[in-house]
Amino acid sequence: MIRSMMRLAVWGTASSKKAIIETLHDLGALHLDQPASVPRHFTAEADELRMLRGKLLGMLEILGWDEWEALSEEAISKTRTTLTLPLDEIVGEIDRNLDQFRERLSGFAKRKESLRDVLERIRNAHDTVRYFLPFIKEAEKEGKGLSFWWVDRKDVSKYVREIREALREDRTRETGFSHMSHTFRDERLLICVSVSEEELPVIEGIFQNNGAIRWRPPRECGDQDMSAALECIEEKLESLPAEIRSIDTELSETSVEWGPKLASLFILVDEELEEKLIAQRSDSAEEYFLLEGWIPADTLENATRTLKERFGASVFLYWRYPSTDEWHEVPTALSNPPTTRPYQLFISLLRPPSYNTFDPTSMVALFFPFFAGCMVGDAGYGSLFLALSLWIQRKGHSQTARDVGKILFGVSLWSILWGIAFGEFFGDIAQRLFNVHPLWVERSHAVLPVMVFSVSLGAAHVLLGLFVGFIRGVREKNNHLRNEKCGNILVLLALFALLAGTKGTFARVLFPAGGAMLFLGVVLLVAGGGIGGVIEGLGSVGNILSYVRIAAIGLSSAILAMVASKFVDILGVSVFGIFIALSIHVLNFVLALAGSGLHSARLHYVEFMGKFYEGNGRDYVPFSRRRRTTIWKKQS
Amino acid sequence: MEKAIIAIAAALAVGLPALATAYAQAKIGSAGAGTVAEKPETAGTMIILEAIPETMVILGFVVAIMLILQFA
């Protein structure tokens, strides 16, 4: 249901402004509603706080800390108590400390980045020279010089020829020229030549003159012979990951120690900033200030009592109910009992309903699991849903996850009940093993009865939606809406009467009554919505037919489960047969989980809520201490 | 022969709307993903828009079942 709201105006003396705003912040119930014409002020103080908040968030990102959900109120309170001076006085101090801390963190991050770069180069060098290892060892054993060059593949023979010719001219010494080359995946070719130390400059000159590129070991292992460089590379390959791990450990320990502290500080700065902005935006004179907003009627008494007790004559409060003209401005706060509250999730995906209209949460809570369970219609899958829902409710970290778990719980119960009605337990396993028969019908054989039942469900659901729309029209004194919905209901009832009138004993009564209702219904539809109203009426018939998906999806799920069992029949009770059957059951389970939820949601969003729901409301955003990371991150 | 023709008719009754639905959902889905990335609050509307073309294939399924039950 939609909570009743009151307009609350808070006048206070300028001297107690900060304390009153802090109290309102603590109360967390007032949706502040400042006129749009009030400009947003940017004072140096607010900018400092914004800067501080940004730094804190930046440091949390460097630390890789993201445990907002686990941040306890105690940690925040502890940080609050350590800040004995007013926050604006210690902003500078915090800022200086943060700068030092940030430098240290940045140092870690830079060092880690640089080590990663070096490791990458060392790995590349190792990959490059490992092919030449035997050749290098042989050359060094013979005391020869080594030189590596990147060359074009087609030029290798040319280089070798030139080198041989150059060495042949110098017959005074034994050159012992030999070479080895390797082509890498990217078609580059690395050639390694070994020759006596004296002749090495001659060979290098040939490569240089032809535009070849020299390969050298990374500078961390350079300036030494190739064998030593290789040893160095292998040593670095072992030591660098250990160094990176040690930085990671240090960062992780720092994150565990400092993350909650910095996050608490971030929250406190964020709250302080919010209070400052509210104070700046309030309608202020020299001696007093005014804050106005909307507050749920059920929290009004507590709020007014608290303010009066704390501030006595320094605060003046005035409250009233919203006038009809103001309904479009009033924020919508939903309040539902714990059993149906999880289903507010479906409404939260839309814009909220307008104030003083209808909150469909309770109806969604009633019909959503019923429809989804009917689509699944298998006690075996229902039991798995039940286990999954209990697990999600126990392990779910966020409220949304726990809500999803509760919704799944409802779906699982209805799946089991419908499974008993259809006699399905992982398809026809219960029938095969225990000769269990359906309480109602077997879906895979009695297609038509299930389809007729689905459409009947749809008719009832759509009529209910239209009825809610009609009530809304009456309450809002909206004649067009009222006539249109009433006409639509009459047209649908007339069609059912005419359909029933074609057969049966009441044909003589139903046929003329149906004709009269159809005429009246069309007149009301035209009166309410013109030609659009008539089209809407036809659309309602399509909406009702759309519920046949309950039978269609259920039928496909039932047949797929039976196909799984058939595989065991065909392949026998073998590992392969059971594997195939299990795979199909897993596929069917996932399809049932996703399909039943999505289609049931669609039936509510399009067919049911489309008849009365208008998401023209405003979100209720109370001025409260924020404790959810999504809100912080959005605003940061 | 007659049964084969009925089976083909039923298959076409489901298959053709299925192709049309797939095409429409692909277009709506890609546009919807972009919209939700920009404005997460439109997720509900996008689910509705994404689900609308499914009615074609559901009605095709009804026609197919009718064909089979009536004539096969």
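The values are calculated or read from the model by the stated rules, or taken from the named source; none is laboratory data. Quantities reported herein were computed from a predicted structural model and do not represent experimental measurements. All Cβ positions, glycine included, derive from the backbone under ideal geometry; neighbour counts span all protein chains shown.
Criterion applied to B:Leu12, B:Leu67 was being under 13 Å from the mean Cα position of the chain (by Cα) and surrounded by 14 or more Cβ atoms within 10 Å (Cβ to Cβ), and the one residue passing it is B:Leu12. Among the conditions (1) more than 14 Å from chain B (Cβ to nearest Cβ); (2) surrounded by 15 or more Cβ atoms within 10 Å (Cβ to Cβ); (3) within 26 Å of A:Gly530 (Cβ to Cβ), A:Lys477 misses just one, which is (2).
State which residue is farthest from A:Phe266 (Cα to Cα) when the search covers only the range A:609-626 and only residues that are more than 11 Å from chain B (Cβ to nearest Cβ) and surrounded by 22 or more Cβ atoms within 10 Å (Cβ to Cβ).
Among those residues, the one meeting the criterion is A:Lys611.
From the residues in the range A:234-266 that are of a type in the set (Val, Ile, Thr) and modelled with pLDDT of 85 or more, which one is nearest to the chain's Cα centre (by Cα)? By that ranking, first place goes to A:Thr249. Filtering A:Ala513, A:Ala564, A:Ala552 for residues that are in a helix (DSSP H, G or I) and under 18 Å from B:Ala64 (Cα atoms) leaves a single hit, A:Ala552.
Listed by position, the helices (runs of 4 or more DSSP H) contained in the range A:303-418 that have at least 2 residues being away from chain B (no Cβ under 14 Å) and within 30 Å of A:Gly473 (Cα to Cα) are A:361-376.
On the stretch given as the range A:415-441, residues that are touching a helix residue (DSSP H, G or I) at 6+ places or on another chain (Cβ under 7 Å), touching a residue at least 40 places away in the same chain (Cβ under 8 Å) and of a type in the set (Gly, Ala, Ser) total 3. When the test is whether a residue is aliphatic (A, V, I, L, M), under 9 Å from the mean Cα position of the chain (by Cα) and within 12 Å of chain A (Cβ to nearest Cβ), B:Val57 passes it.
Quick check: anything in the range B:52-61 within 19 Å of A:Gly554 (Cα to Cα) and among the acidic types (Asp, Glu)? Yes.
What about B:Lys27, is it over 25 Å from A:Ser556 (Cα atoms), within 12 Å of another protein chain (Cβ to nearest Cβ) and loosely packed, with under 13 Cβ neighbours inside 10 Å? Spelling it out, it is not the case that B:Lys27 is over 25 Å from A:Ser556 (Cα atoms), within 12 Å of another protein chain (Cβ to nearest Cβ) and loosely packed, with under 13 Cβ neighbours inside 10 Å.
Look at (1) of a type outside the set (D, E, K, R); (2) farther than 23 Å from A:Pro352 by Cα; (3) more than 9 Å from chain A (Cβ to nearest Cβ) and you find that B:Leu49 fails only one, number (2).
Residue count for the range A:586-608 under the criterion of being within 14 Å of chain B (Cβ to nearest Cβ) and in contact (Cβ under 8 Å) with a residue 24 or more places away in the chain: the result is 12.
Per-residue answers, yes or no, for (1) touching a Leu at 6+ places or on another chain (Cβ under 7 Å); (2) within 30 Å of B:Leu69 (Cα to Cα); (3) modelled with pLDDT of 90 or more:
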| residue | (1), (2), (3) |
| --- | --- |
| A:Phe453 | no, yes, yes |
| A:Leu457 | no, yes, yes |
| A:Phe467 | no, no, yes |
| A:Gly473 | yes, no, yes |
| A:Glu476 | no, no, no |
| A:Ile489 | yes, no, yes |
| A:Gly504 | no, yes, no |
| A:Val548 | no, yes, yes |
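Of all residues in the range A:419-471, those satisfying the criterion of being in a loop (DSSP other than H, G, I, E, B) and in contact with a Phe, Trp or Tyr (Cβ under 6 Å, 6 or more places away or on another chain) are A:Pro438, A:Arg443. Per the conditions (1) in contact with a helix residue (DSSP H, G or I) (Cβ under 7 Å, 6 or more places away or on another chain); (2) in contact (Cβ under 8 Å) with a residue 40 or more places away in the chain, the sole criterion not satisfied by A:Leu463 is (2). When you look at A:Pro331, is it closer than 21 Å to A:Asp403 by Cβ and touching a residue at least 40 places away in the same chain (Cβ under 8 Å), yes or no? Considered against the rule, which asks whether it is closer than 21 Å to A:Asp403 by Cβ and touching a residue at least 40 places away in the same chain (Cβ under 8 Å), A:Pro331 comes out as no. Per this entry, B:Ala20 is counted among residues that are modelled with pLDDT of 95 or more, away from chain A (no Cβ under 14 Å) and over 17 Å from A:His599 (Cβ atoms).
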